Amino acid sequence: MMKGLTNWRLFALLTALLVFLSGCGREEISTLIPAGKVAQDQFNLLILSTIVMTFVIIVVSVIFVLAIVKFRRSKLGDDMIPEQVEGSAKLEFIWTAVPIVLLLILAVPTVYSTFDLADVTAMDSTDEEGNQENLTVNVTAYLYWWEFEYPEQGIVTAQELVVPTDERVYFNLISADIKHSFWIPSVGGKLDVNPENVNKFYLEFDQESSELEDGVFYGKCAELCGPSHALMDFKVKSVDREEFDQWVASMQEEPEPAADALAQEGEETFANSCIGCHAVSGAGPAGMPGPNLTTFGDRNRVAGFMEHNEENLKNWIQDPQEYKPGNLMPDGQTNNGGEPFSEQELDALAAYLMSLSVEE
Amino acid sequence: MDLNKRYTAQSWPDHPETATLEGKNKFVGFWLLLAAESVTFASLFATYLALKDRGPEASEFTASGLFELPLVFAMTMILLTSSLTSVYAMHHMKNHNFKAMQAWLGITVFLGLTFLGLEIYEFNHYVHLGFGYTTSAFSAAFFTLVGTHGAHVLFGLSWFIALMVRNSKRGLNMYNAPKFYLAALYWHFIDVVWVFIFTVVYLMGVIG
Amino acid sequence: MSSLAQKKGFGAVIWDYLTTVDHKKIAILYLISGGFFFLVGGLEAMMIRIQLMKAGNDFLSAGLYNEMITMHGTTMIFLAAMPILLAFMNAIMPLQIGARDVAFPFLNSLGFWLFFFGGIFLNLSWFMGGAPDAGWTNYASLALASEGHGIDFYSLGLTISGFGTLIAGINFLVTIINMRAPGMTYMRMPLFTWTTFVASALILLAFPPLTVGLFFMVFDRMFGANFFVVEMGGNTIIWEHLFWIFGHPEVYILILPAFGIFSEIFAIFSRKRLFGYTALVFATILIGFYGFMVWAHHMFTVGLGPTANAVFALATMIIAVPTGIKIFNWLLTIWGGSIKFTVPMVYAIAFIPSFVAGGVTGVMQAIAPLDYQLHDSYFIVAHFHYVIVGGVVLAILAGTHLYWPKMFGTMLSEKLGMVTFWTFFIGFHLTFFIQHFLGLLGMPRRVYTFGADQGWDLFNAISSLGALFMAIGVIVLLINVVITSVKNVRVGNDPWEDGRTLEWAIPSPPPFYNFAQTPLVRGLDTYWIEKMEGNKEGMVYAEPIGDVHMPNGSIIPLIMSFGMFVASFGALYFQDDTKPWALAVLIIGLGITFGSMLVRSLKDDLGFHITKEELLEDAKRGGNTDGLK
């Protein structure tokens, strides 16, 4: 038993060390590095509950360790018959009452926060001129990508959510097919994206994503939705209000035709093979079968999770199933009318897509 | 247990259904089964209420437009009466009057069959109106709830008939008395469930 | 029917087990099949951990990974943990209350065979076009979208095995209500019997909603109904409600018997009566009661609204109180006792910190706003494995060692048992402790892979390493079982020497009629009372020795269950145009089931009697003969 205990201590120590060494994870995605009011509230609850629970664990551990050290038969002798105690009403009262008090400490902020985080009454409030006071984003989840529509601004984007910092952003969530769940760990907890009803909540983004190593926050689908559930990622760019307004303005402009020759060639191919599913205008429309590609050149990833380079893009276009099994995008051969895209066509498409940008 | 032991109305116990350990076990076990059945029907009712009148966008079927009370009211009366006749049958079972018990059970079965016939007629009528099982979520919930009850009626009837035929020659004994009792108990349960269906599905459907 | 103590051939033994209605043999059947499925589920777990060993691994494809997690969860819950607990309930509970068998021996056998065929049916999916892949929770929108027949195997298989469990639940309830020996009042029942009682009540009320949900799923997928089809007016949240109205009590169905086993162990190996027996009983009942009022805490992120979330959050927190009462009463049981560190006891000791860790993370997740972060992340994976493995599996391992002598008449090796304990225990914490942090670092559950850029590599590698330790522990246990069986050293009535309850007063294994004379129970821990008063026989009797009535064996339960098995294939392929025979198979299968039900109903089956003389003769031979029937 003694040997066992040393094992246990060593193990605990090792674990603690490991946790310490790897810190709190990446700030793009860790709930332990909150980057907004909602995540901060939840983090505070985490700390509060951890403190209360640590107290419980300490009390139990002390009694536990004392008991198994003091009352071993090897110490007491084989013939010892302990007194057959029935119980104690006083003790029962104590260990009923104390936990209730501890739970009350947790219950009050729980109830407060539950109502606070669900408060979307300001969603529809308008100023004197009838304009919405707060930004609302309609999020639609598809197998396996995300569409973000800004109804008031009349623009649509996909895969990369762009939001202003330091203000509440309200979200309407609905699924176009099956159930998903919308989660940006470092900004706030998740909310399910159901097929039958719109779910509403808000988030606040207190940090500009350009300060992050990767330049974006990571968003996840948190509800099993099929083979590529693990790859149903999206990214979040948080910018200050001014930059956000600029971004909206350039999204609202008519897209410019491609500039260089290769990209022009790609645009033609795109018009023949891709435009049926993908819009390339910030005006949308929303609800296309494939993600809106207006900002493709500005994005952080290809298909939401692969490194943003032409190589990955070309591979993806030619054979999407290979990279995101179960997704609904037809392969290159189907899109190209029976022939796989030639290397030249792929280069052109990639050049065109990478040129799609609304940022300066 | 001795099957050959002959009972008279005097030597027959007051509660033959619980006079043996086997009988007692069956008695308690069956009540527990009915508890589980109640939860089953509660789940079906909850689903029905959640899906009531729900259908594809163009669907015109609603409870208030579809259901007609006269037929359902007649069905309710028939089933309630059959519950009463099964009470008479059990009264005679406890008095060790086998013939009278069989007769009242026969009437119960007849009423149950009538109920089932009317239910089939009713379902058939809906299907002819275009309200089939696959029409909408509402139709699935309705047919599943009422149909599950119908399946219980069918099972109860088969149970009664099997018991009546099996024991027609040998009369009552301590081995089959609990079986008759439980079949009758099951029949009451079916009746109670129907009262809820009548209220929740039909009355509330037509009125509200 | 004088067939005691005959030497039997292999075929006769097999036939005996196929037709047995003896609760002790059915217990062995449950243990073997549950143990088998435990190994299958463990293998699936190892596959999962290998896949997640490093970023971007391609050991399993995305689709196969989803099948693996679905089958791991489903198998472990429905086909491993519950049946193994049912094995202990069957083996021990009737002995603890001084009964000769359960209330419905025939139904006991039927319950087992339904579970068995349901489990086989579910696992056949691996070989017949793919296993279910929508998670063990089988959320409706994903399940309806799933191609192939995997989900159909899930719904039909669980329906069948669910009927089996329901039957077992009713059976135990009636047994405890009606068949306690004289003097065995409710407040003298051993804790394991109490937890069996409450868990059975939960089975009774929790399984019907699941069955209804599964039927909806079957009708939607196979017969064109629209319960969950949103375009047709259906609603997928109904599935979530039905599933969790079952699913939460299910957690208590698993953990309460585990509590029961540990309660027995603490008392036995501390040589001390349970501290606060009454409080423990009422805590058990309260936990069972609250278990039905908290299901929506699995659905905090569904969007039920703040009022529902707040109410369910508070209701959930309350459960911590009776659970805490239990923990402290156990601690006070060993306090002042004389602790002997046998293998069952070290499991029980290890259970306390493990389960407390799982419990406190449970309370953290009851805080609804915090749960928005923790839900569907690896934090929840860590939490429920701490509860299920740290509670239920440790109890199963402890119970296996504790009750092995009573079930088989031999002792598992303590030395190898300790090896299993340490490897399993260390592996368990290594695997799951770190997963709390993976969740906090943003890793969602049920992901088949993760990028190297997410910062989760190291912790996943550690977790996979831990799983290896657990696997080694289980292998050592298997070796232990083989060695013990080969050595076959028989033990007496009370092999642990400090037994307190009735099962330790009779031979190991007990004779097929359990008690030649029904015992008279004179208090809590009745065997302990007799021992302390120097009663060599360990029992006082409530009746003189006389004829004993026993039920006949029957093959009908097996045939009835087989009929359901056949019918399921018919339902499975019902809408498949290439298989026109499906309807015929469905009808034949149901025909077999209802036909055998009719035979059972019409054919008198009155059992048989063991005469007084046979009992006396049997007692002379030591009393632990293995009768034919």
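The numbers here are math on the coordinates, done by the rules we state, and not lab data. All values reported here derive from a predicted model rather than from experimental measurement. A quick note on method: Cβ atoms are made from the backbone with ideal geometry, for glycine too, and the neighbour counts reach across all protein chains shown.
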Ignore the peptide's own chain and count Cβ atoms of other chains within 10 Å of each Cβ in C:237-245; give me the average, rounded. 3
Just add up the charged neighbours of B:TRP159: K/R +1, D/E -1, any other residue whose Cβ is under 11 Å from the Cβ of B:TRP159. +2
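Just check the protein assembly as shown against the gyration tensor rule for me: Cα atoms, a ≥ b ≥ c as the square roots of the eigenvalues, rounded for a/c under 1.5, and otherwise prolate or oblate depending on whether a/b exceeds b/c.
oblate
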Normalised per residue, the volume of the convex hull around the Cα set of the stretch A:38-150 (Å³): 211 Å³
Over 20 Å between Cα atoms, which of B:LYS24/B:LYS94; B:LYS99/C:LYS603; C:LYS415/C:LYS536; B:LYS26/B:LYS94; C:LYS487/C:LYS531; C:LYS406/C:LYS487 qualify? B:LYS99/C:LYS603; C:LYS415/C:LYS536; C:LYS487/C:LYS531
So what is the relative contact order of chain C, in percent, for Cα pairs below 8 Å that sit 6 or more residues apart? 18 percent
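Quick check on packing: order C:98-111, C:74-87 by the mean number of other C-beta atoms within 10 Å, highest mean leading.
Output ranking for C:98-111, C:74-87: C:74-87, C:98-111.
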I need the shape label for chain A. Rule: rounded when a/c is under 1.5, else prolate if a/b > b/c, else oblate, with a, b, c from the alpha carbon gyration tensor. prolate
Relative contact order of the stretch C:213-271: what whole-number percent is it, with Cα pairs under 8 angstrom and at least 6 residues apart? 17 percent
Partners for A:LYS220 among lysines (Cα-Cα distance below 27 Å; same-chain residues under 8 apart left out): A:LYS37, A:LYS179, A:LYS190, A:LYS200, A:LYS235, A:LYS237, A:LYS314, A:LYS324, C:LYS54
On a 0 to 90 degree scale, rounded to 10, what angle separates helix B:137-166 from the longest Cα axis of chain B? 20 degrees
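What number do you get for the stretch C:255-374 when its Cα radius of gyration is normalised by 2.2 N^0.38 Å, N = residues?
For the stretch C:255-374, the normalised Cα radius of gyration comes out at 1.22.
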For the stretch A:182-306, state the average projected area of the convex hull of the C-alpha atoms over all orientations, rounded to one decimal in nm². 9.7 nm²
Toy charge model, Lys and Arg Cβ at +1, Asp and Glu Cβ at -1: the stretch C:512-629 dipole around Cα centroid in debye, rounded to 20, equals 200 debye
Give me the percent relative contact order of chain B, please, defined on Cα pairs under 8 angstrom at least 6 residues apart. 36 percent
Counting Lys +1, Arg +1, Asp -1, Glu -1, what net charge surrounds C:PRO190 among other residues with beta carbon under 9 Å of its beta carbon? -1
Descending semi-axes in whole angstrom, ellipsoid equivalent of the stretch C:508-609, from the Cα gyration tensor: 50, 17, 9
Lys and Arg at +1, Asp and Glu at -1: neighbours of B:GLU17 with Cβ under 13 Å from its Cβ sum to +2
How would C:ILE237, C:ILE588 line up from fewest to most surrounding beta-carbon atoms within 10 angstrom? C:ILE588, C:ILE237
Cβ density ranking, 10 Å radius, fewest first, applied to A:THR136, C:THR20 yields A:THR136, C:THR20
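Answer rounded, prolate or oblate for chain B, using the Cα gyration tensor with square roots of eigenvalues a ≥ b ≥ c: rounded when a/c is under 1.5, else prolate when a/b is larger than b/c, else oblate.
Values: a/c = 3.10, a/b = 2.33, b/c = 1.33.
Judged from the Cα gyration tensor, chain B comes out prolate (a/c at least 1.5, a/b above b/c).
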Using a 10 Å cut-off on Cβ to Cβ distances, tally the other chain neighbours for every residue of B:137-143 and report the average as a whole number. 6
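Sorted by mean Cβ packing within 10 Å, highest first, what order do the peptides B:178-184, A:335-341, C:189-195 take?
So the order, starting with the most tightly packed, is C:189-195, B:178-184, A:335-341.
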log₁₀ of I(q)/I(0) at q = 0.26 Å⁻¹ - the stretch A:190-244, Debye sum with one point per alpha carbon: -1.09
With n ≥ 4 as the cut-off for DSSP H runs, can you work out [θ] at 222 nm for the protein assembly as shown, using -39500 (n - 2.57) per run divided by the number of residues, rounded to the nearest 500? -19500 deg cm²/dmol
Cα lying deepest toward the dipole's positive end in chain C, options C:ILE327, C:GLY427, C:PHE207, charges on Cβ: C:ILE327
Taking the 0 to 90 degree range and rounding to the nearest ten, how far is the long axis of helix A:89-117 tilted relative to the main principal axis of chain A, both from C-alpha atoms? 20 degrees
Rounded to the nearest whole number, the Stokes-Einstein translational diffusion coefficient of chain C at 10 °C and 1.306 mPa s (Kirkwood radius, C-alpha pairs) in µm²/s is 63 µm²/s
Provide the descending list of Cα extents for the stretch C:374-518 along its principal axes, expressed in whole angstroms. 68, 31, 24
Sort A:199-207, C:569-577 by packing, meaning the average of other beta carbons within 10 Å per residue, with the highest value first. A:199-207, C:569-577
Given the convex hull over the Cα atoms of the stretch C:359-436, what projected area results after averaging over all orientations, in nm²? 5.8 nm²
About its Cα centre, what dipole magnitude does chain A give when the only charges are +1 on Lys and Arg Cβ and -1 on Asp and Glu Cβ, stated in debye to the nearest 20? 3240 debye
Summarise the partner chain shielding of C:140-150 as one whole number: the mean count of Cβ atoms from other chains within 10 Å of each residue's Cβ. 3
Over the stretch A:122-231: Rg over Rh, Cα atoms, Kirkwood Rh: 0.97
Please report C:TYR17, C:TYR186 as a ranked list, fewest other C-beta atoms within 10 angstrom at the top and most at the bottom. C:TYR186, C:TYR17
